[in-house]
1. Starting from the amide H of Leu175, placed 1.01 Å from N in the peptide plane, find each other amide H under 5 Å away whose residue is 5 or more places distant or on another chain.
2. In debye to the nearest 20, how big a dipole does the chain give about its Cα centre with +1 on each Lys and Arg Cβ and -1 on each Asp and Glu Cβ?
3. What are the ³J(HN,Hα) couplings of the stretch 56-64, residue after residue, when phi is run through the Karplus curve with 6.51, -1.76, 1.60 and θ = phi - 60°? Round to Hz, x for glycine and proline.
4. Can you list the aspartates and glutamates whose alpha carbon is less than 13 Å from that of Lys142, not counting same-chain residues fewer than 8 positions off?
5. Relative contact order of the chain: what whole-number percent is it, with Cα pairs under 8 angstrom and at least 6 residues apart?
6. Which residue, Pro109, Pro174, Pro123, has the most motion in a Gaussian network model of the chain that connects Cα atoms within less than 10 Å?
7. Can you find, among Val57, Gly120, Gly218, the residue farthest towards the positive end of the dipole of the chain? Put +1 on the C-beta of Lys and Arg, -1 on that of Asp and Glu.
8. Highest first, please rank the peptides 160-171, 5-16 by the mean number of other Cβ atoms sitting within 10 Å of their residues.
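Every number here is computed from the coordinates shown, using simple stated rules; none is lab data. Everything quoted here is computed from the prediction, not taken from an experiment. We place every Cβ from the backbone using ideal geometry, glycine too, and count neighbours over all the protein chains shown.
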Amino acid sequence: MTAQNAACDAPETVVTSFDPPTEWDGACSNASAIAAGKQCGGKACVESLTIGPMQAVDVGCEVEEEQILTGTSDVPRWGLTVIGCEGFPEGGEVGCGSASKCAPAPVPPPEFRICVYQEGDVPCEGESYTDRLVIYTGYDDKRTCTDCTCSPEVVGSLCTATASIYSDAMCQTPLISGYPISSLQEVCLPLTPPGQALGSKALSDVKYHPGTCQPIDGESTGEVERLRPSTICCRP
């Protein structure tokens, strides 16, 4: 707060501090009092009073925990589905060794192939079944996201209060009562007649109006691990 020895819109003035104490909480204060009739540059020091903008002290934002909806696209899906049919000769496995199986090898129906199958991720052996395909019957979804955060910058916050100025040191005799101020801009108030004492000041209805922060998305981590592989080897 500063007193001027001229009107609010005067181009040149002599200013006198009427500042409150550091870290003022708005309680009645007679700090920097200006006596009645005090002269500045040959004129009364007090003809107008400028109250600077309040200072909004932002403490940042906190993430509001909300339920995250998971769409069907988040569920792992297989890119290829395999259907296998197993068959044997009508007369049984005649002609096969004890460690072998016999099956007819006719021309397969459309979109089918003649293949052999073994659990595990193994190579294809021999010269007849060389087209290799590894399939899986399960998965372990290890995907997750890091926490969402808020940007450190707060936008749109605002402080408001009502200011009162008194001629005495105990906030009893008001010169200006309940004038609205904020952190948006300073205000200048004329004091008539000039030369009045500025003895004390107080704030009431001090309020902080929170602003907003920009959200910072989390990052995806992990992957889907395929489980229980089996190997299919088919004729070319």
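1. Counting only residues 5 or more places away or on other chains, the set is Ile165, Tyr166, Ser167.
2. On the way: 13 positive and 32 negative charges, 104 e Å.
About 500 debye.
3. With the stated coefficients, the stretch 56-64 comes to 7, 9, 7, 10, x, 10, 10, 5, 8 Hz.
4. Asp74, Glu223, Glu225
5. Values: 476 pairs, mean separation 76.2, N = 236.
About 32 percent, as a whole number.
6. For the chain, modelled as a Gaussian network with Cα springs under 10 Å, the answer is Pro109.
7. Result: Val57, furthest along the dipole toward the positive end.
8. On the way: 160-171: 17.4, 5-16: 14.0.
Going from most to least packed, we get 160-171, 5-16.
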